[in-house]
Amino acid sequence: MNVKIEKSTAHGAVSAPPSKSFAHRLLICAALAGESRVQGLEESEDILATLDCVAACFGAKYEKQGADVAFSESDVYGAARGALMCRESGSTMRFFIPLCLVKDTECKLYGAGKLLSRPMSVYENICREQNLTFSHEGDHIRVCGPLKAGRFTVPGNISSQFISGLMFALPLLAGDSENCIVPPLDSKPYIDITMEALAAYGVKAEWKDAYTISIVGGQKYAPADRAVEGDYSNAAFLSAFNLFGGEVEVSGLRADSVQGDKAYIEQFAALKEGTPVIDISDCPDLAPILMSVAAAKNGVRLTGTARLKIKESDRGAVMAEELSKFGVPVTVNENDIIVEGGYFRAPCEPLFGHNDHRVVMSMAVLASLTGGEIIGAEACRKSYPAFFSVIKKLGIEVSQSGN
């Protein structure tokens, strides 16, 4: 799908889309509990992948009721009902590998796009240590448990998704376990989201110290009805219009949310006032929109950027490529990125989405200032399929061609 955006300004009120991070976690907990409901979902590609996988992994039975999903039953320890189709969702695959390892039967997890090239070594090492099956086989990963309780050492600077994945599985094992994190710990807010989701379904995991999570074994997920809160990650794209003359009111965001991406509120203020240094270790998904805003404002130096290489795209590199079309110099180093201010102009060639939802939405915000065409704009379906229809209602002039 190609999208053409004319120079235009956004005005109006909009509800934040549901948090994808919370939705993944609540769906897994609800499926493990049975007789539970998750309210306020949006059917993005990633969330559909998790729904497919709860059915395949646990045999979870559910019914969609508008934006809600009601679960009736599941079989946590029984054989998988089929292949787990993770699509391009890193969260889905990393959450389900340890849940598959709870079983003593084989499971196959399939990925699309770049998913199977993203790091999975944490689980591979655990399986090697416990003499369990973990095998990359072309378009899928094959695993077989059963995982044994104990002490698990996990690097804190690769992805918090490994830590969260173990947090879902370890309560189901017979013995007690510890999740021991090797510092530095990046993206801690995502671990806090996991703890909040677990607690909502009656499962206890607690910090023993700054780098150790203690999890009692033999726990059961308790039925509960929970609503998905609004998403600060995607709200950032909507709020960004306000830095460029727009007046967009985004509702549905919890002021006391543990989401790390709520940091965008203070970060946008800093970008508006000067050329700040911003550490994104706990909120790496904000990098594309922060780079875009900085390009049209005063520039920025982002630190803690090393993990951008292993997202849906090499985000630092592809954002540098796209911002160069606006005349903006960008320097991408190993763990920092410098965006120069004062060079911004209209692009003289089409913009590319690089199959990355956050790159697409960041380009859309910038294109509203100058006009522009985005090729491969369908990538936004991964997390926010309604994005272009939403900004069109806010007054951004959008036209599209292709599927």
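Mind counting the residues in region 378-403 that are among the small types (G, A, S) and over 15 Å from S44 (Cβ atoms)?
Counting residues in region 378-403 that are among the small types (G, A, S) and over 15 Å from S44 (Cβ atoms) gives 4.
Could you give every pair whose Cβ atoms fall below 7 Å, whose first residue belongs to region 25-52 and is at positive phi, and whose second residue is among the polar types (S, T, N, Q), counting only separations of at least 6 or pairs across chains?
Once the first residue is at positive phi and sits in region 25-52, its partners that are among the polar types (S, T, N, Q) give G34/S72; G34/S74; E35/S72.
So if I check each of I338, I280, which one is over 27 Å from E378 (Cα atoms) and either buried (at least 17 other Cβ atoms within 10 Å of the Cβ) or touching a Ser or Thr at 6+ places or on another chain (Cβ under 7 Å) (or both)?
I338
Give the residue, chosen from Y190, Y201, Y221, that is among the aromatic types (F, W, Y), closer than 19 Å to T92 by Cβ and outside the structural domain of G40 (by TED's automatic domain parsing).
Working: Y190 fails: outside the structural domain of G40 (by TED's automatic domain parsing); Y201 fails: outside the structural domain of G40 (by TED's automatic domain parsing).
That would be Y221, the only listed residue that is among the aromatic types (F, W, Y), closer than 19 Å to T92 by Cβ and outside the structural domain of G40 (by TED's automatic domain parsing).
Considering only residues that are of a type in the set (G, A, S) and under 23 Å from the mean Cα position of the chain (by Cα), look in region 183-205 and name the one that is surrounded by the fewest Cβ atoms within 10 Å (Cβ to Cβ). Steps first, answer last, please.
Filtering region 183-205 for residues of a type in the set (G, A, S) gives 187, 197, 199-200, 202, 205.
Restricting the remaining residues to those that are under 23 Å from the mean Cα position of the chain (by Cα) gives 187, 197, 199-200, 205.
On the way: S187: 25, A197: 24, A199: 14, A200: 20, A205: 22.
Step by step, filter region 183-205, then rank; the result is A199.
What are the pairs, 6+ residues apart or on separate chains, where a residue within region 337-361 that is assigned by TED's automatic domain parsing to the domain that holds E322 and under 17 Å from L286 (Cα atoms) has its Cβ under 6 Å from a residue that is among the aromatic types (F, W, Y) and at pLDDT 95 or above?
Close Cβ pairs (under 6 Å, with a partner that is among the aromatic types (F, W, Y) and at pLDDT 95 or above) amount to M361/F237; M361/F387.
Among the candidates G145, G138, G156, which residue alone is of a type in the set (G, A, S) and under 22 Å from the mean Cα position of the chain (by Cα)?
G156
Pick from region 341-363 the residues that are buried (at least 24 other Cβ atoms within 10 Å of the Cβ) and small (G, A, S): which of them is farthest from the chain's Cα centre (by Cα)?
In this case the residue turns out to be G353.
Could you grab me the full set of residues in region 145-169 that are in contact (Cβ under 8 Å) with a residue 60 or more places away in the chain and either in the same structural domain as E334 (by TED's automatic domain parsing) or of a type in the set (A, V, I, L, M) (or both)?
Passing the criteria: A149, I158, L166, A169.
Just to be sure I understand, how many residues within region 5-53 are surrounded by fewer than 21 Cβ atoms within 10 Å (Cβ to Cβ), of a type in the set (K, R) and not assigned by TED's automatic domain parsing to the domain that holds A255?
Total meeting the criteria: 1.
Look through R345, R381, R307 and report the one residue that is within 25 Å of A10 (Cβ to Cβ), among the basic types (K, R) and not in a loop (DSSP other than H, G, I, E, B). Don't jump to the end; show me each part of the working.
On the way: R345 fails: not in a loop (DSSP other than H, G, I, E, B); R307 fails: within 25 Å of A10 (Cβ to Cβ).
Criteria check complete, one pass: R381.
Output the residues belonging to region 206-233 that are under 20 Å from S74 (Cβ atoms), surrounded by fewer than 22 Cβ atoms within 10 Å (Cβ to Cβ) and aliphatic (A, V, I, L, M). Reasoning before the result, please.
Here is the first cut: in region 206-233, the ones under 20 Å from S74 (Cβ atoms) are 217-226, 228.
Imposing the further condition that a residue be surrounded by fewer than 22 Cβ atoms within 10 Å (Cβ to Cβ) reduces the set to 217-220, 222-226.
Result: A222, A224.
Can you find even one residue in region 325-335 that is among the hydrophobic types (A, V, I, L, M, F, W, C), closer than 20 Å to R118 by Cβ and in contact with a His (Cβ under 8 Å, 6 or more places away or on another chain)?
Checking region 325-335: not a single residue is among the hydrophobic types (A, V, I, L, M, F, W, C), closer than 20 Å to R118 by Cβ and in contact with a His (Cβ under 8 Å, 6 or more places away or on another chain).
The values are calculated or read from the model by the stated rules, or taken from the named source; none is laboratory data. In this text, all values refer to a predicted model and were calculated from it rather than measured experimentally. With ideal geometry, Cβ positions are generated from the backbone for all residues, glycine too; neighbour counts draw on all protein chains shown.
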